[in-house]
Amino acid sequence: HRLGRRVGGDRLRLYPVRERDGRIEIDLADPPPETVIADALAALVESFDDHEYDRMAREIARAEKAGADPHMALTHAIRATADRFEFGASHALPASADWLALSKAVAGDDPAKRLVAVLEGVAHFAWDSRRAPRYPYAAGVADWDAEAFRAAVEAEDEAAALAHVRGALKRGFGWGDIEPAFARAALDHYADFGHSAIYSYKTRQLVAALDPDAEGLEAILSLLTRSLVMATREDLIPEFKAYAPALERYGEGAEGLPAVETLATGSVRKVLAAIADSGAEPLALYDRLVEAAAWQMLHFDLAWDRQTDGSFSQNVGWLDFTHALTFANAVRKLAERTPEIWPAGLLQIGCFLGRNAAYIDRSLDTAAWRVDDLNGFYRAGLEGLFDHDQFELIVSAHLLKLTVALDEERRERPDAPWHGTAAAALNRLLASPLRRKHPLRTAKQSLAFVAAEG
């Protein structure tokens, strides 16, 4: 075999040798490109269990050198790991979409940056599925029916929902044909801390960037469908009991735009009431809500992130605030194609606002975080992501997705009034890294929890 045996994970190439008429002849012919590509992709998957990040990079580079589209490696990784995700799509999906978008916008002809973009996506799928057992997707095909798909998601019937998705693919439908059904299903509840909407929007971008084959597309949609079915439905817990009544009466009011102060500091009930009673045009109301979310993030009281004596419900950190903004971006983009989700989307942004209001410091001096050159700030931030120093993929993914979302909003809606506040909030986040471990808090809360048991 021209590709030889593996040494330390990498293939040691062997050259056929023969003796003829007293001469030693070495066959230097390269193996067929398709053989090199297939071997590199197989080796890529072999590297996943031990999460050999540098080996992943080399195998992707080998496949590209042999003529493969580098995106092929990401599609292959998704196909290889899709049934190892017990709860469906993880942050690997939106992060991959954002990395590919970033590569297209910023990397240019730089091969190293282009490799980073694919590598980070592959590595994230590898990490999130690492050594997990397989959770097979039920077989079956049903005629595509958007409302039946939505009902299957609502009933938490993964098999039925997937059957409808396969029916759509069988009819030759692409993501654009079925996105409205996914958007409605994602917004039927305040679901999974906003991930359902975020993942649905980012699926649009991922599919467009990868242009996957039929098997790859089914793998992506299977991941997304499972995540929608498995999503927590936080509008059904007592904290958000005001959501359903607010949604029912949305659009009946004529109060105009609510004040940022009300949205940024009010309770869940008060914020949802203000949104439902507004009667304002959706995009104007959206800007007011995002302005409040950006202000909240800029004024996050870090004492809550550092405290060790609070209850489980008070475990608040930066992601409680970043998610309000990335979720809002996803709502706007999904609503561009499916306007009927605006009421649910706007009210769910309000759920973020109400839950975060208790954790802000109104008196915080934020002057140090002001950004005077938005273009330069985002350009430097996006460039810097290619050489981030975050070991945890979940951390780099959140820095990536917030920066990309805010930059997308800035480029597409430059006249929105809240860009300065959002940039300052991001600037403060970058200077106050995410705290990922709370040993003392965890110990105290665990002791209290166990002491309260019978």
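The values are calculated or read from the model by the stated rules, or taken from the named source; none is laboratory data. Only a predicted model underlies this, so the values are computations on that prediction, with no experimental measurement involved. Note that each Cβ is placed from the backbone with ideal geometry, even for glycine, and that neighbours are counted across all protein chains shown. To get the accessible areas, we keep the full protein, side chains included, count just its heavy atoms, and leave off ligands, DNA and RNA. Shrake-Rupley method; radii C 1.70, N 1.55, O 1.52, S 1.80 Å.
Applying the selection to the stretch 260-278, what residues are within 29 Å of Glu412 (Cβ to Cβ), in a loop (DSSP other than H, G, I, E, B) and open to solvent by 50 Å² or more (accessible area, probe 1.4 Å)?
Of all residues in the stretch 260-278, those within 29 Å of Glu412 (Cβ to Cβ) come to 260-266, 271-272, 274-278.
From what is left, the residues that are in a loop (DSSP other than H, G, I, E, B) are 266, 277-278.
If the condition is that a residue be within 29 Å of Glu412 (Cβ to Cβ), in a loop (DSSP other than H, G, I, E, B) and open to solvent by 50 Å² or more (accessible area, probe 1.4 Å), then Asp277 is the only one that fits.
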If you check every pair at least six apart or on different chains, which have Cβ atoms under 7 Å apart with a residue in the stretch 232-256 that is open to solvent by 70 Å² or more (accessible area, probe 1.4 Å) first and a residue that is part of a loop (DSSP other than H, G, I, E, B) and not charged (D, E, K, R) second? Ala254/Gly279; Glu255/Ser278; Glu255/Gly279
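For (1) at pLDDT below 95; (2) of a type in the set (Ser, Thr, Tyr); (3) open to solvent by 30 Å² or more (accessible area, probe 1.4 Å); (4) farther than 26 Å from Ala123 by Cβ, each residue gets a yes or a no:
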{"site": "Gly310", "(1), (2), (3), (4)": "yes, no, no, yes"}
{"site": "Glu336", "(1), (2), (3), (4)": "no, no, yes, yes"}
{"site": "Ser363", "(1), (2), (3), (4)": "no, yes, yes, yes"}
{"site": "Phe377", "(1), (2), (3), (4)": "no, no, yes, yes"}
{"site": "Ser396", "(1), (2), (3), (4)": "no, yes, no, no"}
{"site": "Ala405", "(1), (2), (3), (4)": "no, no, no, no"}
Of the residues that make up the stretch 86-99, is at least one surrounded by fewer than 20 Cβ atoms within 10 Å (Cβ to Cβ), part of a helix (DSSP H, G or I) and modelled with pLDDT of 95 or more? no
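Would you check if Val141 is of a type outside the set (Phe, Trp, Tyr) and touching a residue at least 40 places away in the same chain (Cβ under 8 Å)?
So Val141 fails the test.
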Filter the stretch 168-183 down to the residues that are open to solvent by 40 Å² or more (accessible area, probe 1.4 Å), touching a residue at least 24 places away in the same chain (Cβ under 8 Å) and either more than 26 Å from Asp213 (Cβ to Cβ) or in a loop (DSSP other than H, G, I, E, B) (or both) and list them by number. Arg171, Phe173
When the residues of the stretch 196-217 are narrowed to those that are in contact (Cβ under 8 Å) with a residue 60 or more places away in the chain and β-branched (Val, Ile, Thr), which ends up farthest from Thr232 (Cα to Cα)? Thr203
Counting only residues that are closer than 23 Å to Leu319 by Cα, surrounded by fewer than 22 Cβ atoms within 10 Å (Cβ to Cβ) and of a type in the set (A, V, I, L, M, F, W, C), the stretch 184-223 contains a total of 1
Among all residue pairs at least 6 apart or on different chains, which show Cβ distances below 8 Å where the first residue, located in the stretch 61-89, is in contact (Cβ under 8 Å) with a residue 60 or more places away in the chain and the second is among the aromatic types (Phe, Trp, Tyr) and crowded, with 22+ Cβ neighbours inside 10 Å? Leu74/Phe125; Ile78/Phe125; Ala89/Tyr199
Only listed residue being of a type in the set (Asp, Glu), closer than 21 Å to Ala89 by Cα and buried (at least 19 other Cβ atoms within 10 Å of the Cβ), chosen from Glu120, Glu156: Glu120
Just the residues that are open to solvent by 10 Å² or more (accessible area, probe 1.4 Å) and either of a type in the set (Asp, Glu) or assigned to a helix (DSSP H, G or I) (or both), please, taken from the stretch 279-297. Glu281, Pro282, Leu283, Ala284, Asp287, Arg288, Glu291, Trp295
Looking at the structure I just gave you, is Asp320 closer than 30 Å to Lys444 by Cα and either open to solvent by 10 Å² or more (accessible area, probe 1.4 Å) or not hydrophobic (A, V, I, L, M, F, W, C) (or both)? yes
Considering Ala42, Ala82, Ala107, Ala29, which residue is out of contact with any strand residue (DSSP E or B) (no Cβ under 9 Å at 6 or more places or on another chain) and modelled with pLDDT of 95 or more? Ala82
